[in-house]
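Please read the structure below before turning to the comments.
The values are calculated or read from the model by the stated rules, or taken from the named source; none is laboratory data. Note that this is a predicted model, so its numbers are computed, not measured. Every residue, glycine as well, gets a Cβ built from its backbone with ideal geometry; the counts of neighbours run over all protein chains shown. Side chains are part of the model used for accessible areas, which takes the heavy atoms of the whole protein and leaves out ligands, DNA and RNA. Shrake-Rupley method; radii C 1.70, N 1.55, O 1.52, S 1.80 Å.
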Amino acid sequence: MHDKPLLKSAGELLRRRHGSSRTSVKEPDRFGVDMPLVGGFLSGTLTPDEEARLADEVAELLPHRWDLPNKTVERLTPLIDHLGGQKELMVWLDRHPGLPRHMARIYVLMGNLDRYSDDPVVLDAVRRARAQTPYPEGLREHLTPATTDATLAGLGSAIEGLLSDGREDDATALALATADWLRGAVRDTENPGAELREVGELMDHLYRDISESGARS
């Protein structure tokens with residue numbers, strides 16, 4: 001993964017999304033988190049294959065994070081703390097090809113959508129783009145008529161909702177359509193400033209990164 005998209009993702013990548021009121025629940029642990037693997041990771045004794053298996057398990061959990069039982073949260077927290085935080089968790093997942101890398105790159109996109117959701121410069125570019133094409137291809141069912149400070153965050157929530165429903169291909173398609181739309185909005189802006197050019201570069205990086213990580217062999 002390019003460093004810039006990750007390092008420029010402000011705030012907590014895994015923070016509660018807009019309008020969410022779910023909390024961790026007490027229920028049998030139906031999620032696959034292998035505690036011996038977590039312990040081995042913390043002690044530095046895992047083999048590469050074991051670490052890859054743990055990364056797969058963590059990646060599978062991400063879309064369900066609002067519904068995780070307390071037991072699973074308690075297992076994940078030391079791992080995230082050991083890595084240094086949620087951004088570092090994304091870097092670690094990105095080191096592992098397949099689902100972990102793909103999930104990490106989609107979540108970095110979502111982090112940036114949250115970051116720029118209420119940015120007036122970005123919103124102006126989005127409104128100008130929508131004045132020309134109100135409902136870009138691939139986004140029609142996910143955009144409301146008005147462009148507000150919830151528009152980009154809402155796309156991030158829609159991507160995550162598809163992931164949580166097991167619709168990875170649809171989530172990937174929406175992620176790519178969103179990144180492509182935003183980089184196009186910047187490209188079509190006359191004399192964009194430094195901030196807007198940076199957004200375009202980020203979206204271009206993320207489009208390529210997500211495409212690459214989601215390619216089927």
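Please go through the stretch 149-195 and write out the GluC sites (Glu not before Pro) that DSSP classes as loop and that have at most 10 other C-beta atoms within 10 Å.
For GluC sites (Glu not before Pro) across the stretch 149-195 that sit outside H, G, I, E and B with at most 10 neighbouring Cβ atoms in 10 Å, the list reads E190.
For E190 and E168, calculate 0.36 nm times their separation in residues minus their Cα-Cα distance, and state this gained length in nm to one decimal. Can you show the working numbers first?
Values: separation 22, 0.36 × 22 = 7.92 nm, distance 3.54 nm.
Taking 0.36 nm per residue and subtracting the Cα distance, the gain is 4.4 nm.
Beta carbons within 10 angstrom, averaged per residue: use that to sort the peptides 106-115, 75-84, highest first.
Final packing ranking: 106-115, 75-84.
Summarise the accessible area of the stretch 67-190 (1.4 Å probe, protein heavy atoms) by the percent that is carbon and sulfur.
47 percent
If the stretch 52-171 were replaced by its equivalent ellipsoid, with semi-axes equal to the square roots of 5 times the Cα gyration tensor eigenvalues, what would those be, largest first, whole Å? Numbers along the way, then the final one.
Values: eigenvalues 187, 45, 34 Å².
Values for the stretch 52-171, descending: 31, 15, 13 Å.
At what distance in nm do the modelled label points of A215 and T148 sit from each other, each positioned 7 Å from its Cα along Cα→Cβ?
Label-label distance for A215 and T148, simple model: 4.1 nm.
Please work out the Cα center distance from the stretch 72-97 to the stretch 108-151, rounded to the nearest Å.
Cα centroid to Cα centroid, the span is 29 Å.
Taking 8 Å as the Cα distance limit and 6 or more residues as the minimum spacing, I'd like the relative contact order of the stretch 78-217 as a percentage. Mind showing how you got there, number by number?
Numbers: 134 pairs, mean separation 36.1, N = 140.
With pairs under 8 Å counted, the relative contact order is 26 percent.
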